[in-house]
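Accompanying notes for the structure given below.
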């Protein structure tokens, strides 16, 4: 059985993390082994990245996958995450 997951590229925070690390696209491309054209497309919200590509970027940026994929402010799947009271 295979799990199919379609990643919404709007959820990727590649540019944010790259800029936090003070890197250019060319530098991150070299460090990660991801072609700079693919990196540019991901930052523009285009394409459908493979998991292996995302993991290469995570290793180069020294972050985990959740940090690369989650939206700012705790948003997930277009909704604000909230604690529920019991």
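Couple of notes before you dig in:
- Over the stretch 9-66, the hull volume per residue, using the convex hull of the C-alpha atoms, is 70 Å³.
- Residue exposure sequence - 37, 14 - by fewest surrounding Cβ within 10 Å: 37, 14
- Separation in nanometres of the label points that stand 7 Å from Cα toward Cβ, at residue 21 and residue 67: 1.0 nm
No value in this document is a laboratory result; all are computed from the given coordinates. Remember, predicted model here, so these are calculated numbers, not experimental data. We place every Cβ from the backbone using ideal geometry, glycine too, and count neighbours over all the protein chains shown.
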